[in-house]
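Worksheet: one structure, shown below.
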Amino acid sequence: MKLLFLANRVPYPPYRGDKLKIFNLARRLKDSHELHLLTFAQTPEDLTYKAELEKIFKEVHFVYLPKWKSAINCLSAAWDSRPLQVLYFRSAELQRQLDEMISVHKYDAVHVQHLRMSPYLAQRKDIPRILDLPDAFSLYWERRKQVKRGLLTTLFENIEQGRVLRYEQILKEYDLSLVCSSEDLDYLRNTHKTNNLRLLPNGVDLETFAPRGHDYSHYHTILFTGNMDYAPNVDAVVYFTQSILPLIREKCPTVKFIIAGQRPVQKVMELVNDHVVVTGFVKDLAATYNSSSVVVAPLRFGAGTQNKVLEAMALGVPVVCSHIGFAGLGIQSGEGAIMQTDPTAFAGSVIDLLRSEELRRKVGSAGLNIIRTRFDWDIIAKQLEGYFVELKTPNR
């Protein structure tokens, strides 16, 4: 098949989030299908990655949309009812180039990444289209509102949540809409009363995150990973450091908390002390996971599944996480990840793991087996391929 991927960001380097998903799916489909890519480039550096992407995609097309221009796009929010994230990625040039590419190439199907890109093909009923949502955004905003914030922030979040909830109806315009967790799928089905939703989980690259014989004997290091300018991650590490870590250090006074991830904001840097370390960008994230005793994911808002949890499980490192994204894993608490919502219970589970090599090994080994059988990108790419075949079938 000839397939077009329409992405909101250049999917290289594939370190986190939406870049990681497109890169890994396309890398596994390229040998069986002809793949093309159309995406926004937001920085001059993005434009330098074309050669790397051409190893996967037969054609790579960029539309340059610098962040200052996206910010200007958002000024229309005063009279436009669309969500800010949709306005942010608005571009007449991308629409023109997309229409031209579809006309020239006659694609068998198009993969549209993110609610942000959904307007560009919502009305093109002449071509099979899949809308791949990383999570249920209205659920994300609903949960975000539950965390106490300032008056102006709360006002903004209430407005954006309402806009996203209304705008999500656009998923009905697509032949298929995909989400990465069963929790998000059930929420969107019930909220929008649609039957075109299917599941496409997030995955783990088992080449990058292959088990490295994790050493379960060490018990002094707690790790959190993620983009450290992303609001749920920033909130999580502040919450953990202020409300959970002191409880852990009462029982395990030598423990250190490592915060690893690119672009740490000032609020994160202010957490640094003799037992809290902020690393910034880490190239070999797998090695960082492997050097930790326990990985934590104490997110208080968000949706979808958490890559940090999947990656730690893939390396056999035990995880303690909140309820955010846990239901989407389809596992029981203790099968790689222990789920806790109360700060005292969360601290207690971390303490239990730090005190018991046997428990660390048991939880970590269970997670490793789950990832191998359910979350390998090879398995998930085959699932996406099946959706493309289904759409191409006559009388679909």
Margin query: I want to confirm something. Restricting to the range 232-275 and keeping residues that are touching a Gly at 6+ places or on another chain (Cβ under 9 Å), among the small types (Gly, Ala, Ser) and not in a loop (DSSP other than H, G, I, E, B), which single residue is farthest from Val317 (Cα to Cα)?
Written below: Ala236
Check: Counting only residues that are β-branched (Val, Ile, Thr) and either modelled with pLDDT of 90 or more or under 13 Å from the mean Cα position of the chain (by Cα) (or both), which one in the range 198-237 is surrounded by the fewest Cβ atoms within 10 Å (Cβ to Cβ)?
Finding: Thr221
Next item on the list: Would you be able to tell me the number of residues in the range 241-265 that are surrounded by fewer than 21 Cβ atoms within 10 Å (Cβ to Cβ) and in contact (Cβ under 8 Å) with a residue 40 or more places away in the chain?
Entry: 6
Checklist line | Conditions (1) touching a Ser or Thr at 6+ places or on another chain (Cβ under 6 Å); (2) surrounded by fewer than 20 Cβ atoms within 10 Å (Cβ to Cβ); number of the one not met by Val164 | finding: (2)
Note to self: Looking at the range 19-29, can you tell me whether even one residue there is outside the structural domain of Gly261 (by TED's automatic domain parsing) and not in a helix (DSSP H, G or I)?
What the structure shows: no
Check: What are the residues in the range 90-121 that are of a type outside the set (Ser, Thr, Tyr), over 23 Å from Ile72 (Cβ atoms) and surrounded by fewer than 17 Cβ atoms within 10 Å (Cβ to Cβ), if any?
Finding: Asp99, Glu100, Val104, His105, Lys106
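Can you tell me which residues in the range 74-116 are in contact (Cβ under 8 Å) with a residue 12 or more places away in the chain, among the hydrophobic types (A, V, I, L, M, F, W, C) and assigned to a helix (DSSP H, G or I)?
So in the range 74-116, the residues in contact (Cβ under 8 Å) with a residue 12 or more places away in the chain come out as 74, 81-91, 93-95, 97-98, 101-102, 105-116.
From what's left, among the hydrophobic types (A, V, I, L, M, F, W, C): 74, 84, 86-87, 89, 94, 98, 101-102, 109-110, 112, 115.
Hits for the range 74-116 are Cys74, Leu84, Val86, Leu87, Leu94, Leu98, Met101, Ile102, Leu115.
Looking at the range 6-18, is at least one residue polar (S, T, N, Q), under 22 Å from the mean Cα position of the chain (by Cα), at pLDDT 95 or above and crowded, with 16+ Cβ neighbours inside 10 Å?
Filtering the range 6-18 down to residues polar (S, T, N, Q) leaves 8.
If we keep only those that are under 22 Å from the mean Cα position of the chain (by Cα) too, we end up with 8.
Subsequent filtering for residues that are at pLDDT 95 or above retains none.
Scanning the range 6-18, I find no residue that is polar (S, T, N, Q), under 22 Å from the mean Cα position of the chain (by Cα), at pLDDT 95 or above and crowded, with 16+ Cβ neighbours inside 10 Å, so the answer is no.
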Notebook entry, point to check: When you scan the range 324-337, how many residues do you find that are at pLDDT 85 or above and in contact with a strand residue (DSSP E or B) (Cβ under 6 Å, 6 or more places away or on another chain)?
Noted result: 2
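The values are calculated or read from the model by the stated rules, or taken from the named source; none is laboratory data. Please read these numbers as outputs of a predicted model, since none were measured by experiment. A quick note on method: Cβ atoms are made from the backbone with ideal geometry, for glycine too, and the neighbour counts reach across all protein chains shown.
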